[in-house]
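Below is one structure; the comments refer to it alone.
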Amino acid sequence: MILPRIARWLLALGGWTVIGAVPPVDKAVIIAAPHTSYWDGFWALVFKTATGLDARWFVKNTMFWFPLGSLLRAFGAVPLDRRNAGSAVNEAIAAFDTNERFFFGLAPEGTRSKTAGWKSGFYRIADGAAVPVLCGFLDYRGRRLGLGPMITLTGDRQSDLRLFRSFYASVHGRRPGNASPVELLR
């Protein structure tokens, strides 16, 4: 196909080195951190296309205007009405239950702006669907992006967060000052 070749060309043009590969599992939550810029979504989409990663992710519903909405859906985006965001966790868990193979990606900060910590949705989805969490990343300082370790949650949030914190300590977002600490809110 031509799209993966174009995506690989864009990554090379952008100076990115792809790290990791799609793991040999059928289901996982993929977190993408740190999320500090609109560019993160673009490069994540290019990475997804270049590697053939068949992942779905929530995008705020206000982004689904024509023609962008059609393009987002074609690349796996699912509209999320932030006014009813509480249902998002249950929607994602149901998608894991009804699909034999399913990868769901999200930015744990939930925004590009600095917050007091990560939202707990990714953790609640992975725990509720009994699937591992795959650490996706965009390291602008090292021009590396890809998939890091896969973490199976233990149910001990503080212990699990230490693993995430350790991995993301060396990953630098486009705007490092906007990176949120690896702490779960709520």
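Miscellaneous remarks
- Convex hull per residue volume in Å³, alpha carbons only, for the range 129-169: 66
- Overall, the chain carries a charge dipole of about 620 debye about its Cα centre when +1 sits on the Cβ of Lys and Arg and -1 on the Cβ of Asp and Glu, all other atoms neutral.
- Directionally averaged projected area (convex hull, Cα atoms, the chain), nm²: 10.4
- Pairs of alpha carbons in the range 47-150 separated by more than 15 Å make up 68% of all such pairs.
- In a simple Cβ point-charge model (Lys, Arg +1; Asp, Glu -1; nothing else charged), the range 61-161 has a dipole of about 500 debye relative to its Cα centre.
- Total formal charge among the other residues, if their Cβ is under 11 angstrom from that of Thr152, Lys/Arg +1 and Asp/Glu -1: -2
- For the range 41-184, with +1 on Lys and Arg beta carbons and -1 on Asp and Glu, the positive-most of Ser120, Phe167, Ala95 along the dipole: Phe167
- Extent along the principal axes, Cα only, for the range 1-61: 29, 28, 22 Å, with the longest axis given first.
- The range 93-130-the range 1-59 distance, computed between alpha-carbon centres (Å): 17
Computed from the coordinates by the stated procedures, all read-outs in this text should not be read as laboratory data. This one's a predicted model, so the numbers in the text were calculated from it and none came from an experiment. When we count neighbours, we look across all protein chains shown, and the Cβ atoms used for this are built from the backbone with ideal geometry, even at glycine.
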